[in-house]
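Note sheet for the following structure.
The values are calculated or read from the model by the stated rules, or taken from the named source; none is laboratory data. Since this is a predicted model, take the numbers as computed values, not measurements. Cβ sites come from the backbone with ideal geometry, for glycine too, and all protein chains shown count toward neighbours.
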């Protein structure tokens, strides 16, 4: 327990992605879920270049989280090329709107929900930054989350 606390403290101040990935690998190998999750969350927090708290930072956390999940599954670096191209074409806001109002959930949405990370979905980001979106987009995002069994009113209570 004391050893885990030391590792968790180290993770909380680490800004090197390679070190955080190593913490994750070691935690996975040793079956220490708390350390693995902390390293994952810290990693996706530090990877975006945008200002913390901004919609752009939150959005890139989502992209990096999904890419890390794919990296774990495939054993190699994976980039969301089509999503990144879309962001370059239409921007973060339009991409989030399209995620929220699409008829079916994205693969990323499903994977994040399955892994207990609903707060990292594009739909959750729409709700977190509600003042920047039209009511129809907010309703679509809320409906998608609720359809997945997520109580959207509890997503941001810890922040």
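Selection of region 24-77 for residues being in contact with a helix residue (DSSP H, G or I) (Cβ under 8 Å, 6 or more places away or on another chain), within 23 Å of residue 91 (Cα to Cα) and not in a helix (DSSP H, G or I) yields 47, 48, 49, 50, 51, 52.
Which condition number in (1) over 16 Å from the mean Cα position of the chain (by Cα); (2) farther than 20 Å from residue 138 by Cα; (3) surrounded by 20 or more Cβ atoms within 10 Å (Cβ to Cβ) is the one that residue 33 fails? If we test residue 33 against (1) over 16 Å from the mean Cα position of the chain (by Cα); (2) farther than 20 Å from residue 138 by Cα; (3) surrounded by 20 or more Cβ atoms within 10 Å (Cβ to Cβ), just (3) comes out false. Quick one: is residue 113 in a helix (DSSP H, G or I) and within 17 Å of residue 40 (Cβ to Cβ)? It is true that residue 113 is in a helix (DSSP H, G or I) and within 17 Å of residue 40 (Cβ to Cβ).
Conditions tested, residue by residue: (1) in the same structural domain as residue 70 (by TED's automatic domain parsing); (2) at pLDDT 95 or above; (3) within 19 Å of residue 61 (Cα to Cα).
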residue: 103; (1), (2), (3): yes, no, no
residue: 108; (1), (2), (3): yes, no, yes
residue: 116; (1), (2), (3): yes, no, yes
residue: 127; (1), (2), (3): yes, yes, yes
residue: 135; (1), (2), (3): yes, yes, no
residue: 141; (1), (2), (3): yes, yes, yes
residue: 145; (1), (2), (3): yes, yes, yes
residue: 152; (1), (2), (3): yes, no, yes
residue: 157; (1), (2), (3): yes, no, yes
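Can you find a residue that is surrounded by fewer than 17 Cβ atoms within 10 Å (Cβ to Cβ) and part of a helix (DSSP H, G or I) anywhere in region 116-126? Checked against the condition, which is being surrounded by fewer than 17 Cβ atoms within 10 Å (Cβ to Cβ) and part of a helix (DSSP H, G or I), region 116-126 yields no hits at all. Considering region 14-23 alone, what residues qualify as being within 16 Å of residue 64 (Cα to Cα) and outside any helix (DSSP H, G or I)? Residues satisfying the conditions are 15, 16.
On the basis of being touching a residue at least 40 places away in the same chain (Cβ under 8 Å), within 26 Å of residue 123 (Cα to Cα), in the same structural domain as residue 121 (by TED's automatic domain parsing) and not in a loop (DSSP other than H, G, I, E, B), does residue 97 make the cut? When the stated conditions are applied, residue 97 passes them.
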